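Report on the structure given below.
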Amino acid sequence: LAILGNVLVCWAVWLNSNLQNVTNYFVVSLAAADIAVGVLAIPFAITISIGFCAACHSCLFLACFVLVLTQSSIFSLLAIAIDRYIAIRIPLRYNGLVTGTRAKGIIAVCWVLSFAIGLTPMLGWNSCSQQEVGKNQSQGCREGQVACLFEDVVPMNYMVYFNFFACVLLPLLLMLGVYLRIFLAARRQLKQMDSQALPGERARSTLQKEVHAAKSLAIIVGLFALCWLPLHIINCFTFFCPGCRHAPPWLMYVTI
């Protein structure tokens, strides 16, 4: 259903010229990332949680591809939040600041950064050199192959310190701050309109629509956090408390 919904979003924007605005460019980028997460990332994540035999860097690529797509979703959500903040905070300058060309450039930068962050383990920050030969042979793997498990090829210090704290939690906190400022700014502007003798109904209606859109997008951010934070919290427990009992496999599948 999630894949179908995002496909319909992209299709609607493609067919309807009235929907081809700057904000929807970011929405389409987010939808494309979510489609790829549903079609590729989640199956890859489930596959590398089972432990099939593969060359270490092939396994690592599957793991990194999952990280690239989830990171792209985060950056798209952050870009949308900033776009909505500019639209509500300085509406008269919005069209001049946020142009279609700039939006496409920002989307390109978001994807480039997502690939750079997600593929970092491929550049050396991985556990391929620390693989245990005996463990891999016990899984029926041939020489040069490993039992492909996410936690065996991607180090937890990368997942916790770099991926979670720097690239997931920080953007989510920024989005929280941006949406709080959006609602405070909108509330202040609505109060100013109410205090005017002849408030502009058109301006008020436009502002209310922007606030409604911001609320919908804030809910999307909240749902994203609700879906992905449990997995990162499990990683934190695994990393900071290696002697603790690990999460059962079924819980990992549910969080994925």
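What follows draws every value from the coordinates through simple rules; no lab data is involved. Note that the structure is predicted; figures quoted are calculated from it, not measured. Note: ideal-geometry Cβ built from the backbone for every residue, glycine included; neighbour counts use all protein chains shown.
Observations on the model:
- Lys pairs under 25 Å by Cα in the chain, provided they are eight or more residues apart or on distinct chains: 4
- Each of S29, S195 was scored by other Cβ atoms within 10 Å of its Cβ. Listed from fewest to most, they are S195, S29.
- Computed over the chain with a Gaussian network model linking Cα atoms closer than 10 Å, the most mobile of G222, G100, G144 is G144.
- Positive-pole candidate from L176, G144, A87, dipole of the chain, charges at beta carbon: A87
- Computed E for A213/F237 - FRET, C-beta separation, R0 45 angstrom, nearest 0.05: 0.75
- Of the DSSP H helices in the chain, those whose Cα atoms cover at least 24 Å axially and whose Kyte score averages -1.0 or more: 56-89, 100-118, 170-195, 201-240
- Net charge dipole, the chain: roughly 1040 debye, given to the nearest 20, about the Cα centre with Cβ charges of +1 for Lys and Arg and -1 for Asp and Glu.
- For the range 2-255, alpha-carbon Rg and Dmax in angstrom: 21.8, 81
- Between A55 and V146, the built amide H atoms are under 5 Å apart, and every one of these is 5 or more places off in sequence or on another chain.
- Top of C56, C244, C227 by mean-square fluctuation, Gaussian network on the chain, Cα under 10 Å: C244
- Value at 222 nm in deg cm²/dmol, rounded to 500, when DSSP H runs of n ≥ 4 in the chain each add -39,500 (n - 2.57): -23000 deg cm²/dmol
- With at most 12 neighbouring Cβ atoms within 10 Å, loop GluC sites (Glu not before Pro) (DSSP) excluded, longest segment of the chain: 1-131
- With contacts taken as Cα pairs under 8 Å at a separation of at least 6 residues, the chain carries a relative contact order of 23 percent.
- The range 1-56 and the range 61-119 have Cα centres separated by 15 Å.
- When the Gaussian network model of the chain links Cα atoms closer than 10 Å, the mean-square fluctuations of M122, M193, M159 top out at M193.
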